[in-house]
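Below is one structure, written out as structure tokens; comments come after it.
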Amino acid sequence: MIYSIDDLKIKFNNYSKLYDKVRHEVQTGRLIPIVRELYETDSTIDGKYLAGHIFGPSYLSFDYALYIYSLIPEAVYKTYTSATFGKRRTKKYQNHFGTFTYRDIPPLVYPFGIIIHEENGYSYQIATPEKALCDKLYTMPPVKNLNEFQALLFDNLRIDEDELKKLNMESIEKIAPLYHANNLNFLIKFMRRLK
């Protein structure tokens, strides 16, 4: 269970020195620090449940989601990549649960293509496969033509072509233009040829 310092003030309201009590709970392993003034009680919990609490608003995307959807082969063990907006720089946090990275996408596209999952008493948000691919391509250096784009997809990102063909074209055509990025324009053109 995730506890903020405000939650702990209520939980430990009969203690006069809250921070001493919290420090003791951390030392005994009953509370595991996530980030400043945010704690988890289960040391084995999957970091996907914590990513949205560490820095937000955010949702899991980029390499993490692409791997989950079998679009890329690289495993992302204890590495959680999330999309956010308006922060103007990449943020990175490391703790017991893994490495958490947050990158900006355009605010206009942020609310589209997000799935909310509820599991084991936790909830988390993750991009759809189409949105995760768009987010990733947005953060990559722009290419100049379709040949370069194809190399970006299959040589650089090592996207699985069979999984790529399964993506929802209507969803891509809806959200890709909102990024106002060359790579996303090429994605639409490439997907139209692929289908």
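Of the numbered conditions (1) in contact with a Lys or Arg (Cβ under 7 Å, 6 or more places away or on another chain); (2) more than 23 Å from Tyr138 (Cβ to Cβ); (3) surrounded by fewer than 13 Cβ atoms within 10 Å (Cβ to Cβ); (4) not aromatic (Phe, Trp, Tyr), Gly47 satisfies every one except a single condition; which is it?
(3)
Filtering the range 100-109 down to residues that are out of contact with any helix residue (DSSP H, G or I) (no Cβ under 6 Å at 6 or more places or on another chain) and within 21 Å of Tyr49 (Cβ to Cβ), which residue is surrounded by the most Cβ atoms within 10 Å (Cβ to Cβ)?
Tyr102
Scan Pro73, Pro106, Pro33, Pro57 and give me the residue that is over 28 Å from Leu153 (Cβ atoms), part of a loop (DSSP other than H, G, I, E, B), in contact (Cβ under 8 Å) with a residue 24 or more places away in the chain and not β-branched (Val, Ile, Thr).
Of the residues listed, the single one that is over 28 Å from Leu153 (Cβ atoms), part of a loop (DSSP other than H, G, I, E, B), in contact (Cβ under 8 Å) with a residue 24 or more places away in the chain and not β-branched (Val, Ile, Thr) is Pro57.
Of everything in the range 111-123 that's closer than 14 Å to Gly52 by Cα and of a type outside the set (A, V, I, L, M), which residue is surrounded by the fewest Cβ atoms within 10 Å (Cβ to Cβ)?
Looking at residues that are closer than 14 Å to Gly52 by Cα and of a type outside the set (A, V, I, L, M), I get Glu118.
Go through (1) in contact with a helix residue (DSSP H, G or I) (Cβ under 7 Å, 6 or more places away or on another chain); (2) at positive phi for Thr128 and report which single condition fails.
Checking Thr128 against (1) in contact with a helix residue (DSSP H, G or I) (Cβ under 7 Å, 6 or more places away or on another chain); (2) at positive phi, the one that fails is (2).
Do we have any residue at all in the range 60-68 that's assigned to a loop (DSSP other than H, G, I, E, B) and either in contact with a Cys (Cβ under 6 Å, 6 or more places away or on another chain) or surrounded by 12 or more Cβ atoms within 10 Å (Cβ to Cβ) (or both)?
yes
Sort out which residues of the range 2-28 are part of a loop (DSSP other than H, G, I, E, B), surrounded by fewer than 12 Cβ atoms within 10 Å (Cβ to Cβ) and either within 19 Å of the chain's Cα centre (by Cα) or at pLDDT below 95 (or both), and write them in order of number.
Result: Asn13, Asn14, Ser16, Lys17.
The values are calculated or read from the model by the stated rules, or taken from the named source; none is laboratory data. Everything numeric in this text was worked out from a predicted model, so none of it was measured. No Cβ is skipped: glycine too gets one built from the backbone with ideal geometry, and neighbour counts run over all protein chains shown.
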